[in-house]
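Nothing in this text is a laboratory measurement; each read-out follows from the coordinates by a stated rule. As the structure is a computational prediction, the values presented were derived from the model and not from experiment. Virtual Cβ from ideal backbone geometry, glycine too; neighbours counted across all protein chains shown.
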Amino acid sequence: MTKRRKIGDRELTPETLMMSYGYDPALSEGAVKSPIFQTSTFAFKSAEEGKAHFALAYGLREPIGDEQLGLIYSRLNNPDLEILEDRLTLFDRAERAAVFASGMAAITTSLLAYLRPGDVVVHSGPIYGGSDHFLRKILPEMGITPVGFRAGVPFAEVEPMLRQEVGDRRVGAVLIETPANPTNGLVDIAAVAAFTRSHDDGDRRVPLMVDNTFLGPIYQMPLAHGADIVLYSATKYIGGHSDVIAGAALGSREMMAPISAMRTFLGTMASPWSGWLLMRSMETLKLRMEAATRNAGAIAAFLSTHPRIKHVDWLGLMADDDPMKPVYDRQCLGAGSMISFEVHGGEAEAFRFLNALSLVKLAVSLGGTESLAQHPQTMTHADVDPDHQVTLGITPALVRLSVGIEDATDLAADLANALDAI
């Protein structure tokens, strides 16, 4: 595999390396693009090689130098996934990456790698509905207690309450999602990292995991602000075409080791076909996210002045006196293309708006080339307790909009027509 990252003294950018990093055409009959290695198992050159590969895979010996795990079985590794994982590390400047069958597979596998019965898992809220269900409904059945705090407010305001609620119990992991789904509330990664480090115990480092799906990997780099693990629903911007389900986790070699091992035994890795599709998509990742963000700026400006809109949350509209503005300036490289807004009224008015959309599709998910809108309270976050929905700002009038790469004027016309239906 070729991993050349420089031409002379020039360090190549990630968007350039997306075309070739980690792949050598000479190993695949000169094919410019990686083939799909649609195989379950790989032949060894000798029994001795098989023994050496398995000893490394099961941790029975240490790698020699920069030795990588040899190809054994596609539940452990596969060329398409290995090339993709090499490329995924570049934007976030991580040492290791692991690709999963879905974003939820990445989140659940990563948490299960570190959590143990009796632990507390600290998390921000709101958070994606599937993550919320796993934290609040599944983990307690395993003896793991979720303790949440609200996104969108300075961490110093919630930290005393959080420390009191955690008490002297062991913190197994911390999971935050920033910006929050669906409200766009920010969480201060550096502040939460300091909180997390205060719960380290001897040689045990508590992992701070950051779901970076809304802004990453182009507009936010959590590892640079103290995070240990970066999580993605790769279905979203990384895939970007609404045609593949996948997830990813990235971090240091040390912090990723338990997650990779858990993936092997849970069998939650992505398929070679998914890996190939994601490699295709990553070549245009930056272009797509930049185009969608430009569109989002135009759409957010339009919505913020419309008489039927009560409130718009888009990071690019954050006021200078907003207490979270310093966090945005420090940890975000752009505003992204996710917008949440409230119409005047409630569920009935939100539904009339959604039902009148034509160009924008009424569908869940986000980050695709097409624009999508949905009603979080009754769709993606329907499983969140009603009282908790209110606390987190998930109201009956709230709409979440993922802005795509269509013409912004066309999108505004569609939104204006749908707003007239209210």
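Once the convex hull of the C-alpha atoms of the range 164-237 is built, how many Å³ does it hold per residue, rounded to a whole number?
Cα convex hull per residue, to the nearest whole number: 103 Å³.
Please return the longest stretch of the chain lacking exposed loop sites, where GluC sites (Glu not before Pro) count only if DSSP places them in a loop and at most 11 other Cβ atoms lie within 10 Å.
Looking at the chain, 68-422 is the longest stretch - no exposed GluC sites (Glu not before Pro) with at most 11 other Cβ atoms within 10 Å.
Just name one of Pro207, Ala296, Ser402: the one whose Cα is farthest towards the positive end of the charge dipole of the chain (beta-carbon charges, Lys/Arg +1, Asp/Glu -1).
Checking the options against the dipole of the chain, the answer is Pro207.
About its Cα centre, how strong a charge dipole does the range 265-341 have in debye, to the nearest 20, once Lys and Arg get +1 and Asp and Glu get -1 at the Cβ?
Rounded to the nearest 20 debye, it is 280 debye.
Give me the net charge of Lys137's neighbourhood, meaning all other residues with Cβ under 12 Å from the Cβ of Lys137; Lys, Arg count +1, Asp, Glu -1.
The answer is -3.
Give me the compactness ratio for the range 37-150, meaning the Cα radius of gyration over 2.2 N^0.38 Å.
Normalised Cα radius of gyration, the range 37-150: 1.37.
For every other residue with a beta carbon closer than 9 angstrom to the beta carbon of Tyr21, add +1 if it is Lys or Arg and -1 if Asp or Glu, then tell me the sum.
Residues near Tyr21 contribute +3 overall.
What are the radius of gyration and Dmax of the chain, computed over its Cα atoms and given in Å?
Both quantities, over Cα of the chain: 22.0, 73 Å.
Where q = 0.11, 0.12 Å⁻¹, what log10 of I(q)/I(0) comes from the Debye formula for the range 74-282, counting one point per Cα?
At q = 0.11, 0.12 Å⁻¹ the computed log10 ratios are -0.46, -0.55.
Can you list, largest first and rounded to whole Å, the semi-axes you get for the range 285-420 by taking the square root of 5 times each eigenvalue of its Cα gyration tensor?
Equivalent-ellipsoid dimensions as semi-axes: 21, 20, 15 Å.
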